[in-house]
Amino acid sequence: MFWRKDDTGRVAIEPEGTDVTPRYKDVWRSRASLAGFASKPAHTANFLTNHASGNRYRFTEELLTPVDELYAIGLLKNLGSHLDTTTIDAEVRQLLHEWKKDQATLKQRFDLNNDGKIDQMEWKLAHSQARREVAKARREQSEVSTEGINLLTRTNDRNRPFLLSAFPQRDLIKRYCLWALLYSAGFFARSSAGIWLFNTRFG
């Protein structure tokens, strides 16, 4: 997961499952079979490393850098509503529990008949006061809290792609159009060759 920020705000991006179109691509070879141990050579040694004998493994690294402008399509959702999972009733119970720890203050506030104990009616009064204080605290917190976390992730819908690209939308459209033309031309060529072979053999 990584963050991107612009003039409109900040968003967290979970790249798992995305179709990435990077701007930079590096290729190198190594004797190591694990990419974690096959570190990319320095630029000065890049040519020798890629052409040296015995380097059996070829690694390709595609990069989206922090300075790249990012074009993204996916499912954007706000997690702010999930950050506070406690209910107002739970907070009221917690506040009353804290008040019970200080019996002297509790009796001073709610023992209206001064009999040294909190009866049922006085306890209802304490419960109502606790609810008012919790509601007030929640309102104040909502006024100063952030808008939550905006998360961009995959859609789980084949008709709604999840794309990350270092190229702007117009360039990305041109790329996809070009690939579509190439695939169409390849399909047409294979179909024509198949028809020609069929006619040659059985015609």
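Read-outs: derived from the displayed coordinates by stated rules, not from any lab. It should be emphasised that the depicted structure is a prediction, and the values quoted were computed from it without experimental measurement. Cβ coordinates were reconstructed from backbone atoms using ideal geometry, including for glycine residues, and neighbour counts include every protein chain displayed.
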Exercise for the section: Could you check the simple spin-label distance between Asn199 and Asp26, using points 7 Å along Cα→Cβ, in nm with one decimal? Expected result: 5.3 nm
Problem - Residue order, fewest to most surrounding Cβ atoms within 10 angstrom, among Tyr183, Tyr57 - result: Tyr183, Tyr57
Problem - Contour excess over end-to-end distance, with Cα ends at His127 and Gln169 and 0.36 nm allotted per residue - result: 9.4 nm
Completion exercise
Calc'd 3J(HN,Hα), region 4-20, phi into Karplus 6.51 cos²θ - 1.76 cosθ + 1.60 (θ = phi - 60°), Hz, glycine/Pro = x, comes to 10, 9, 9, 5, 8, x, 10, 9, 8, 10, 9, x, 4, x, 8, 9, 9
Practice task
Could you list the residues of region 150-167 with an amide nitrogen less than 18 Å from a label point located 7 Å from the Cα of Leu75 in the Cα-to-C-beta direction?
Solution key: 150-164
Problem - ³J(HN,Hα), Karplus 6.51/-1.76/1.60, whole Hz, each residue of region 130-139, x for Gly, Pro - result: 4, 5, 5, 5, 5, 4, 5, 5, 5, 5
Handout entry: Backbone HN-Hα couplings from phi across region 100-107 [Karplus 6.51/-1.76/1.60, Hz, Gly and Pro as x]
Key = 5, 5, 10, 5, 4, 5, 4, 5
Fill in the blank from the handout: Quick calc: nm separation of the 7 Å Cα→Cβ label points for Asn114 and Lys100 -> 2.8 nm
Completion exercise
A chain fully extended from Leu181 to Glu61 at 0.36 nm per residue, minus the present Cα-Cα distance, gains in nm 40.5 nm
Fill in the blank from the handout: For Trp3, Trp123, Trp28, ascending order of other Cβ atoms within 10 Å (fewest first) is Trp3, Trp123, Trp28
Handout entry: Label-point gap, in nm, between Asp89 and Met1 - each point 7 angstrom along Cα→Cβ
Key = 3.0 nm
